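Novice: Submitted below is the structure of interest, expressed as structure tokens.
Readers should treat all values here as calculations from the given coordinates under stated rules, not as data from a laboratory. On a predicted model such as this, the values are computed, not experimentally measured, just so you know. In this analysis, Cβ positions are derived from the backbone assuming ideal geometry, glycine residues included, and neighbour counts consider all displayed protein chains.
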């Protein structure tokens, strides 16, 4: 999975982000989740970086991914958790408290 900047002629041009193979999403010491990424510029490796998300941000991203994968409108109404996470949300909140 990678993301290119718009308007580029091919995969080797512009900025590309992709997940680091074999490096799972992990809890950080500050209670955030880290998604480890590689950054390439114009086809050359530039650096490693991490997308750090709070539990709330991770929940919203997860909900949006669930809806998108189910080919449903990607909406996250306040207090709405996808069925696949409804029984796990309380566990994650309790674990981080």
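Novice: Quickly run through the range 18-37 and pick out the residues that are under 19 Å from residue 62 (Cβ atoms) and outside any loop (DSSP other than H, G, I, E, B).
Specialist: If the condition is that a residue be under 19 Å from residue 62 (Cβ atoms) and outside any loop (DSSP other than H, G, I, E, B), then 19, 26, 27, 33, 34, 35, 36, 37 are the ones that fit.
Novice: Follow-up question, since we're still on this one. Could you tell me how many of the residues in the range 16-32 are closer than 26 Å to residue 43 by Cβ and exposed (fewer than 11 other Cβ atoms within 10 Å of the Cβ)?
Specialist: 2
Novice: Looking only at the range 40-56, how many residues end up being within 24 Å of residue 15 (Cα to Cα) and surrounded by 12 or more Cβ atoms within 10 Å (Cβ to Cβ)?
Specialist: Looking only at that region, the number is 8.
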